[in-house]
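A quick write-up on the structure given underneath.
The values are calculated or read from the model by the stated rules, or taken from the named source; none is laboratory data. Computed from a prediction, not measured in an experiment: that's the story for all the values here. For neighbour counting, all protein chains shown are included, and Cβ atoms are generated from backbone atoms with ideal geometry for every residue, glycine included.
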Amino acid sequence: MPTVRGKAEVKRFMAQIPDDLEKKVLRGAARAAGTVVADEAKDRCASDRVASGIKVRTKREIGRVEAKVQTRGRFAYIAPWLEYGTDPHFISVADDQREGMSVRKVNQAVKAGSLVIGGKFVGETVLHPGARPHPFMAPALDVKGREAVAAAQAYINARVARTGVTGAEEGDDA
């Protein structure tokens, strides 16, 4: 009967592969894919301020790796308005901002939230006509989805060999 040596080492090696893949490879692959989409979104974005805030974040949980392309920073609040547009809406000075003054007095005092447009008083309220959408995130994924998958696959191929998983463990994003 043949004798097999190293059986315990092989079992240990095989058991370790899923954890190594998750820690060392899959998160990096997700980041590589997200970066392709983020770069395209930056190119398509109508605002340089919003484009500068497009970031890729990755997160690893047990059995799951996730990458998000999202806007962060000071002008991130503008991103949904660009992506989806806005409906027509009324703009007025909020009562809590008036400090007991009329809108005209607020405008004369040059308070934040006053309704002076182009140096002219426009009244207590103004109808904003809305803004048409300038989508950049969804089209970026539509156009670069296949390329993103290919980038993730290339990342994986470069780090998985017959001898095992290579690459340093990546830290979690906050």
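With the checklist (1) within 30 Å of T125 (Cα to Cα); (2) in contact with an Asp or Glu (Cβ under 8 Å, 6 or more places away or on another chain); (3) of a type in the set (D, E, K, R) in hand, flag the one item R57 doesn't pass.
(1)
If I ask for residues that are touching a Ser or Thr at 6+ places or on another chain (Cβ under 8 Å) and outside any strand (DSSP E or B), which ones from the stretch 62-78 would you list?
Passing the criteria: G73, F75, I78.
Would the stretch 110-130 turn up any residue that is among the aromatic types (F, W, Y), at pLDDT 90 or above and more than 14 Å from the chain's Cα centre (by Cα)?
no
W81 versus (1) modelled with pLDDT under 75; (2) outside any loop (DSSP other than H, G, I, E, B): which is the lone unmet condition?
Among (1) modelled with pLDDT under 75; (2) outside any loop (DSSP other than H, G, I, E, B), the lone unmet condition for W81 is (1).
Checking the structure you have, find out if any residue of the stretch 85-100 is over 30 Å from H134 (Cβ atoms) and either among the small types (G, A, S) or modelled with pLDDT of 75 or more (or both).
yes
For the stretch 39-87, which positions are closer than 16 Å to L141 by Cα, under 10 Å from the mean Cα position of the chain (by Cα) and surrounded by fewer than 19 Cβ atoms within 10 Å (Cβ to Cβ)?
Selection gives K55, R57, K68, Q70.
Residues to consider are K59, K23; find the one that is in a strand (DSSP E or B), touching a residue at least 40 places away in the same chain (Cβ under 8 Å) and either over 18 Å from A79 (Cα atoms) or not assigned by TED's automatic domain parsing to the domain that holds A151 (or both).
Result: K59 is the single residue among K59, K23 that is in a strand (DSSP E or B), touching a residue at least 40 places away in the same chain (Cβ under 8 Å) and either over 18 Å from A79 (Cα atoms) or not assigned by TED's automatic domain parsing to the domain that holds A151 (or both).
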